[in-house]
1. Compute the whole-percent fraction of alpha carbon pairs in chain B spaced more than 16 Å apart.
2. Could you work out which residue, out of B:A19, B:A90, B:A68, moves most in a Gaussian network model of chain B, that is, has the largest mean-square fluctuation with Cα springs under 10 Å?
3. Report ³J(HN,Hα) in whole Hz for each residue of the range A:63-75, in order, from the Karplus equation J = 6.51 cos²θ - 1.76 cosθ + 1.60 where θ = phi - 60°; Gly and Pro get x.
4. Can you compute the FRET efficiency between A:T86 and A:T5 using 1/(1 + (r/R0)^6), with r the Cβ-Cβ distance and R0 = 25 Å? Round to the nearest 0.05.
5. Could you bin all the Cα-Cα distances of the protein assembly as shown into 5 Å bins starting at 0 and give me the percent of pairs in each, rounded to whole numbers?
6. Report, in whole Å, the centroid distance computed from the Cα atoms of the range B:62-76 and the range A:32-111.
7. Based on the Cβ-Cβ distance of A:T22 and B:A17, what FRET efficiency does E = 1/(1 + (r/R0)^6) give at R0 = 35 Å, to the nearest 0.05?
8. Between their Cα atoms, which of A:K69/B:K103; A:K17/A:K65; B:K56/B:K98; B:K2/B:K103; B:K2/B:K67; B:K42/B:K98 are more than 21 Å away from each other?
Amino acid sequence: EAQVTQNPRYLITVTGKKLTVTCSQNMNHEYMSWYRQDPGLGLRQIYYSMNVEVTDKGDVPEGYKVSRKEKRNFPLILESPSPNQTSLYFCASSLRGGHPQHFGDGTRLSIL
Amino acid sequence: QKEVEQNSGPLSVPEGAIASLNCTYSDRGSQSFFWYRQYSGKSPELIMSIYSNGDKEDGRFTAQLNKASQYVSLLIRDSQPSDSATYLCAVFRGRDDKIIFGKGTRLHILP
């Protein structure tokens, strides 16, 4: 089954404690991306990757890092999380092009 | 002016009628446009893409694009209660080719 898998699904943590949200896809897609969704602000792109070792900033990259060492994985790293990063995060992939075709189930992050 | 603007709704449509969802965008250089459906508590799903002026049909869905007027719309024919969801419009911004989503329109199909 084609899928994008994110982990964890839920996380409550504290300010400043580094965390990583993993994302993996089994469709051999070139393009992967991360989004955050906030009430009143909608879905906003954080980072995207067009292929292995190729990443670029989306609209709201501040406070986040990503890496793309393998085609299937695209982890999102929060080096020093802050409360304003409390949000619902989605990872997505697509075969080609920048628009997401398949989304993961989401990760709800709460930073206290 | 917001980059991608949608009426937040809710838009209430009787079952069997046509639901019309609208989206306007500010960057005249935008070339690629998409509609996503998001059920409450779920992740978005891609339902339509459109790149050229005019209409594009896929089953009960029709996407319409008018670049001169900078709007894109989604029509849902024979609306069903299962179409009740939030519909997100997404546009690739012309100036830097980054994807921007509208805040979404909540659609409620009345049985």
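1. Details: 3346 of 6105 pairs.
Above the 16 Å cut-off, chain B has 55 percent of its Cα pairs.
2. Between B:A19, B:A90, B:A68, it is B:A68 that shows the largest mean-square fluctuation.
3. Going residue by residue, I get x, 10, 9, 9, 8, 9, 8, 10, 5, 7, 10, 8, x Hz, with x marking Gly and Pro.
4. Values: r = 22 Å, r/R0 = 0.89.
E(calc), rounded to 0.05, equals 0.65.
5. Result returned by the calculation: 1, 7, 15, 18, 18, 16, 12, 7, 3, 1, 0.
6. A separation of 28 Å, based on Cα centres.
7. Values: r = 43 Å, r/R0 = 1.24.
Calculated value: 0.20.
8. On the way: A:K69/B:K103 32 Å; A:K17/A:K65 14 Å; B:K56/B:K98 23 Å; B:K2/B:K103 10 Å; B:K2/B:K67 17 Å; B:K42/B:K98 24 Å.
In this structure, A:K69/B:K103; B:K56/B:K98; B:K42/B:K98 lie more than 21 Å apart at Cα.
Just so you know, all these numbers are worked out from the coordinates, no wet-lab data involved. Computed from a predicted model, the values in this text were never measured in an experiment. When we count neighbours, we look across all protein chains shown, and the Cβ atoms used for this are built from the backbone with ideal geometry, even at glycine.
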